[in-house]
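Have a look at the structure below, then the notes.
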Amino acid sequence: MKIIMLGAPGAGKGTQAKKIADKWQIPHISTGDIFRANIKNGTELGNKAKEYMDKGLLVPDELVVDLVVDRVKQEDCVNGYVLDGFPRTIPQAEALDAALNAIGEKVDYAINVEVPDENIINRMSGRRACVACGATYHIVHIPTKVEGVCDRCNAQLILRDDDKPETVKKRLDVYHEQTQPLIDYYTEKGVLVEVDGTVEMEEVFGAIVKILGE
Ligand code: AP5
Ligand code: MG
């Protein structure tokens, strides 16, 4: 099953993608996580990506397309995968389609997690991410057992650099301008499905399971 997660920054793409990956035992491929790992390791890709990410802008297509196209060709992707944060522009979607077409495959579902802008800023300022394992929490909705410490691996939690309110606003503008057109793109392909992302995360997941089938 090849799944794409669509939705505004903070809609819950990562939260739901992890649950899908666990249930269906397929890889969760998050371009944001890949860039953050590269930033942490001080790679050339990370240094280039950071310039754009810190401003709330998209990283240029040429830095992301080959990376994902190569990743989905790896062996662990034979039974499918869930892409989180990619594609984010029409050219990225076209590049993915071309790569899949070439091997006689296609995207099965593009899941749009719908959350209005008003809810987003509050969610992002409360998000905490683990520097070591990438787990995400929310100080109110998904608190950790010990404040500031990851439940899974005991590492320290941080507020992402791009989760400051002024950067979140910019990310929302960029989303509406460059990523939202993908909703029409995948509607035309007949693979778009929508879920309400404003309800409890287990309820959101329940709606996704209903669509994908047990
Ligand atoms: P990326 O890491 O993909 O960030 P994003 O799309 O802005 O999305 P987020 O990860 O912020 O939100 P999410 O939807 O995953 O929500 P989450 O589940 O964490 O990308 C970062 C940057 O990298 C981009 O800005 C860009 O610069 C660059 N980039 C990445 N991919 C790129 C690409 N393809 N092309 C170009 N540039 C690219 O949830 C948010 C919070 O809400 C959490 O605290 C969570 O616990 C909480 N929450 C989740 N669900 C619920 C719920 N139902 N109720 C209450 N709280 C909830
Ligand atoms: Mg995410």
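Here are the numbers for this structure:
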read-out	value
Only Lys, Arg (+1) and Asp, Glu (-1) charged, at Cβ; the stretch 137-214 dipole about Cα centre in debye	260
DSSP bridge orientation in the stretch 1-151 - percent antiparallel, rounded to nearest 5	25
Spin-label model distance (nm) - Ala132 vs Lys189, 7 Å beyond Cα toward Cβ	3.8
Proximal charge balance of Arg88 [Cβ under 13 Å; K/R count +1, D/E count -1]	-2
Cα-centre dipole for the chain with unit charges at Cβ (Lys and Arg positive, Asp and Glu negative), debye to 20	620
Virtual spin-label span in nm between Gln178 and Lys48, 7 Å along Cα→Cβ	1.4
Contour minus Cα-Cα distance for Gln156 and Lys170 (0.36 nm per residue)	2.3 nm
For the stretch 1-86, size of Cβ-based charge dipole, Lys and Arg +1, Asp and Glu -1, in debye	360
Nearest-0.05 FRET efficiency for Trp24 and Asn101, computed from C-beta distance (R0 30 Å)	0.80
Accessible surface of the chain, 1.4 Å probe, proportion on carbon and sulfur as whole %	50
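The values are calculated or read from the model by the stated rules, or taken from the named source; none is laboratory data. Everything numeric in this text was worked out from a predicted model, so none of it was measured. Positions of Cβ are backbone-derived with ideal geometry, glycine not excepted, and every protein chain shown enters the neighbour counts. Each accessible area value is taken on the protein alone, full model and side chains, heavy atoms only, with ligands, DNA and RNA left out. Shrake-Rupley method; radii C 1.70, N 1.55, O 1.52, S 1.80 Å.
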